[in-house]
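The values are calculated or read from the model by the stated rules, or taken from the named source; none is laboratory data. None of the values given here were measured: they were computed from a predicted structure. When we count neighbours, we look across all protein chains shown, and the Cβ atoms used for this are built from the backbone with ideal geometry, even at glycine.
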Amino acid sequence: MLYANKKAFTMIELVFVIVVLGILASVAIPRFAVTRQDAQLAKAKSDVAAIRSAIISERQTRLFRGQSGFISAIDNGATNAEGQTIFDGNGTSVLLQYGIVTSASNGHWMRTNGDEYTYTVAIGTAVFDYTKATGTFDCVDSTVCSILTD
């Protein structure tokens, strides 16, 4: 008769629930880290495709105007009389509907030197170079390059 009015959890029940939650968390947390890295790599692949497409689109526009040259620079931090920009600090762009914001943190692009740009993720850093003579935006020697340019 003493147990008929039970309205609370026992200590053993609470410990059991805490152990189960700990096991679930130990399985889920590493999976979330991998998911974040996969999302950053997918974003970078999309950015590379958008950059290359914007360069080609601008080239086609220039050919219609009778100009044969490629964009002189793709960053508003560079000397760029044409006003062409893909990378900047606030997400505005002339060549893309949504510009690519530069930042030094993981999962973002950063202009490092002239027409050289880096994309950093947990597994490494990919270095891309824009060549204005040929209009190419190519990845320079990096293990991350093969992942981003497949």
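Annotations
- Scanning segment 125-147 for residues that are modelled with pLDDT of 85 or more, farther than 27 Å from Ser68 by Cα and out of contact with any helix residue (DSSP H, G or I) (no Cβ under 6 Å at 6 or more places or on another chain) turns up Thr125, Val127.
- If the condition is being surrounded by fewer than 17 Cβ atoms within 10 Å (Cβ to Cβ) and at negative phi, then segment 117-136 contributes Ala122, Ile123, Thr125, Asp129, Thr131, Lys132, Ala133, Thr134, Thr136.
Condition check ((1) more than 13 Å from the chain's Cα centre (by Cα); (2) touching a residue at least 60 places away in the same chain (Cβ under 8 Å); (3) part of a loop (DSSP other than H, G, I, E, B); (4) closer than 16 Å to Ala50 by Cβ) across all residues:
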position	(1), (2), (3), (4)
Gln97	yes, no, yes, yes
Val101	no, no, no, yes
Arg111	yes, no, no, no
Ala126	no, yes, no, yes
Phe137	yes, yes, no, yes
Ile147	no, yes, no, no
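Rundown of residues vs (1) in contact with a Lys or Arg (Cβ under 8 Å, 6 or more places away or on another chain); (2) part of a helix (DSSP H, G or I); (3) β-branched (Val, Ile, Thr), yes/no style:
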{"position": "Lys7", "(1), (2), (3)": "no, no, no"}
{"position": "Phe16", "(1), (2), (3)": "no, yes, no"}
{"position": "Val27", "(1), (2), (3)": "no, yes, yes"}
{"position": "Phe32", "(1), (2), (3)": "no, yes, no"}
{"position": "Ala42", "(1), (2), (3)": "no, yes, no"}
{"position": "Asp47", "(1), (2), (3)": "no, yes, no"}
{"position": "Ala54", "(1), (2), (3)": "no, yes, no"}
{"position": "Ser72", "(1), (2), (3)": "yes, no, no"}
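- Of Phe64, Phe70, Phe32, all but one fail to be under 29 Å from Tyr98 (Cβ atoms) and in contact (Cβ under 8 Å) with a residue 12 or more places away in the chain; the exception is Phe70.
- Which listed residue is at pLDDT below 90 and exposed (fewer than 10 other Cβ atoms within 10 Å of the Cβ), from Gly89, Gly66: Gly66
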